[in-house]
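S.K.: Before we start, here is the structure in question, set down as structure tokens.
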Amino acid sequence: MKIGILSGKSYSEVARILEQAGFINIPVERITYWLYRRRIKDFMEMDNVPKALRIYLSKRFQPGYYGPFQSFLSDDLSRKFLFKTRSGFPVESVYIPDSKRNTICISSQAGCRMACSFCNTGMLGFHGDLGTDEILNQVGSIMETDRLTHIVFMGMGEPLDNYENVLKALDILTAQWGFAFSPRNITVSTIGLKPHMKEFLKSTKCNVAVSIHSPFDEERDEIIPSDSKYSIRELVEMIGEHNWEKNRRMTFEYIMIKGLNDTDRHLAGLIRILKGTVIRINLMSYHPSEGSIMQSSTDDIQWLFKKQLIQNGISASIRRSRGIDIGAACGLLGGSNS
């Protein structure tokens, strides 16, 4: 008999499993509580569930949680985890502790097919989508799970390129019968992939961060070569249609690369497209991988951009780099220590 994975199942799927097994008087929430809140590794731990059901589930399913096969600790206390996947290609996630905010940065794919020029993962090519259970495992299997306050889909892969599995994972992460995270504490990073971006904005209340890296589409195409992304104008208009969602954060992500996208012309372009919108901008340092000839913009230039953007009524911040020494910073996942 083939053993299935219970993690990653929706409320209705768990209900159907119980019904088909004849356990119609067992509340579904009792099973999902053990599965998603307690994150059990053995169904026999469910002490308020009939033994017959525990035995039934044990014969047919595994809970689905397994720890990383390797981890790396940064000097700044960030920790990178490596997980095995069904594709055989390892994926990475990063735990980032920071005062009262503890974030897990998770992956949605093994590798990536977007081929962004600044990103190590894109150089690896595409090695398969992660299943919903493999996405949730990055959140639920680490020792730090109970400390987590925020989740960001900013690891390996383009989340909207694995749309159905990511959407299902978000449903389980935010449902009261699931992990019960607040949608405002979850952020999904994307290049604004067609055709799913529009539907995604309607289907979830999670925060959205869109990689742009230039205010000019022709330059953005060189940095993000995928032709399956919406233009900057289309993105601004789409996000504008959701500007009534006051508790939802809409962000443009902007990796600053010396001489490439950090000139006065680029600053003026950013002000032009963002002024009067609800979109905030997150400025980030570029982290060169081995063999790269590009360099990050200086701190002075980054602070100048932030100052000028704020003076024009645009919410702007500079993201502090974490985990550089273990290849865990933005753009470095999939490096040599994987």
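S.K.: When you scan region 194-294 for helices (runs of 4 or more DSSP H) that lie fully inside it, which ones turn up with 2 or more residues that are in contact with a helix residue (DSSP H, G or I) (Cβ under 9 Å, 6 or more places away or on another chain) and in contact (Cβ under 8 Å) with a residue 40 or more places away in the chain?
M.R.: Hits in region 194-294: 196-203, 232-240, 264-274.
Listed here are the residues, each with its yes/no results for (1) in a strand (DSSP E or B); (2) over 22 Å from L173 (Cβ atoms).
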| position | (1), (2) |
| --- | --- |
| S12 | no, no |
| E29 | no, no |
| I40 | no, no |
| P68 | no, no |
| L82 | yes, no |
| T85 | no, no |
| G88 | no, yes |
| I96 | yes, no |
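S.K.: Something else: Would you check if there is a residue in region 80-94 being farther than 16 Å from G331 by Cβ, of a type in the set (G, A, S) and in contact (Cβ under 8 Å) with a residue 40 or more places away in the chain?
M.R.: Yes, some residue in region 80-94 is farther than 16 Å from G331 by Cβ, of a type in the set (G, A, S) and in contact (Cβ under 8 Å) with a residue 40 or more places away in the chain.
S.K.: Given (1) more than 21 Å from T103 (Cβ to Cβ); (2) free of Cβ contacts under 8 Å to residues at least 60 places away in the same chain; (3) out of contact with any Leu (no Cβ under 7 Å at 6 or more places or on another chain); (4) hydroxyl-bearing (S, T, Y), where does T174 come up short, assuming only one miss?
M.R.: All conditions are met except number (1).
S.K.: Here is a further query. Which of the residues spanning region 98-135 are surrounded by 17 or more Cβ atoms within 10 Å (Cβ to Cβ), assigned to a strand (DSSP E or B) and in contact (Cβ under 8 Å) with a residue 40 or more places away in the chain?
M.R.: T103, I104, C105, Q109, A110, G111, H127, G128
S.K.: Next up: Which number in (1) touching a residue at least 12 places away in the same chain (Cβ under 8 Å); (2) under 17 Å from F69 (Cβ atoms); (3) more than 16 Å from the chain's Cα centre (by Cα) marks the one condition that M143 misses?
M.R.: (1)
S.K.: Output the number of residues of region 47-73 satisfying the condition of being polar (S, T, N, Q), touching a residue at least 12 places away in the same chain (Cβ under 8 Å) and surrounded by 12 or more Cβ atoms within 10 Å (Cβ to Cβ).
M.R.: Count: 3.
S.K.: Also, I was wondering about something else. Name every residue in region 169-205 that is under 24 Å from V14 (Cβ atoms) and modelled with pLDDT under 95, in order of residue number.
M.R.: Within region 169-205, S203, T204, K205 qualify.
S.K.: For residues in region 14-27 being part of a helix (DSSP H, G or I) and of a type outside the set (A, V, I, L, M), which is nearest to A175 (Cα to Cα)?
M.R.: Our first condition is that a residue be part of a helix (DSSP H, G or I); within region 14-27, this holds for 14-20.
Still in the list and also of a type outside the set (A, V, I, L, M): 16, 19-20.
Details: R16: 18, E19: 21, Q20: 24 Å.
Filtering region 14-27 for residues that are part of a helix (DSSP H, G or I) and of a type outside the set (A, V, I, L, M), the one nearest to A175 (Cα to Cα) comes out as R16.
S.K.: Which condition number in (1) modelled with pLDDT under 95; (2) of a type outside the set (K, R); (3) closer than 21 Å to Y11 by Cβ is the one that V166 fails?
M.R.: V166 satisfies all of (1) modelled with pLDDT under 95; (2) of a type outside the set (K, R); (3) closer than 21 Å to Y11 by Cβ except (1).
S.K.: Taking region 246-298 only, how many residues are surrounded by 15 or more Cβ atoms within 10 Å (Cβ to Cβ) and farther than 30 Å from I326 by Cα?
M.R.: Residues meeting the conditions: 11.
S.K.: Residues that are of a type in the set (S, T, Y), modelled with pLDDT of 95 or more, closer than 19 Å to S317 by Cβ and under 22 Å from the mean Cα position of the chain (by Cα): does region 229-245 have at least one?
M.R.: Checked against the condition, which is being of a type in the set (S, T, Y), modelled with pLDDT of 95 or more, closer than 19 Å to S317 by Cβ and under 22 Å from the mean Cα position of the chain (by Cα), region 229-245 yields no hits at all.
S.K.: Another one. Please go through (1) surrounded by 13 or more Cβ atoms within 10 Å (Cβ to Cβ); (2) over 24 Å from the mean Cα position of the chain (by Cα); (3) over 24 Å from I96 (Cα atoms) for Q302 and return the number of the only condition it doesn't satisfy.
M.R.: (3)
S.K.: When you go through (1) surrounded by fewer than 17 Cβ atoms within 10 Å (Cβ to Cβ); (2) outside any helix (DSSP H, G or I); (3) modelled with pLDDT of 95 or more one by one for M44, which number turns out not to apply?
M.R.: (2)
S.K.: Within region 137-149, does at least one residue satisfy the condition of being out of contact with any helix residue (DSSP H, G or I) (no Cβ under 8 Å at 6 or more places or on another chain), in the same structural domain as S99 (by TED's automatic domain parsing) and surrounded by 24 or more Cβ atoms within 10 Å (Cβ to Cβ)?
M.R.: So far as region 137-149 goes, yes, one or more of its residues are out of contact with any helix residue (DSSP H, G or I) (no Cβ under 8 Å at 6 or more places or on another chain), in the same structural domain as S99 (by TED's automatic domain parsing) and surrounded by 24 or more Cβ atoms within 10 Å (Cβ to Cβ).
S.K.: Counting only residues that are closer than 10 Å to Y254 by Cβ and out of contact with any Gly (no Cβ under 6 Å at 6 or more places or on another chain), which one in region 208-228 is surrounded by the fewest Cβ atoms within 10 Å (Cβ to Cβ)?
M.R.: Only one residue fits best here, namely S214.
The values are calculated or read from the model by the stated rules, or taken from the named source; none is laboratory data. Source: prediction; values computed, not measured. Methodologically, a virtual Cβ is constructed for each residue, glycine included, from the backbone with ideal geometry; neighbour enumeration extends over all protein chains shown.
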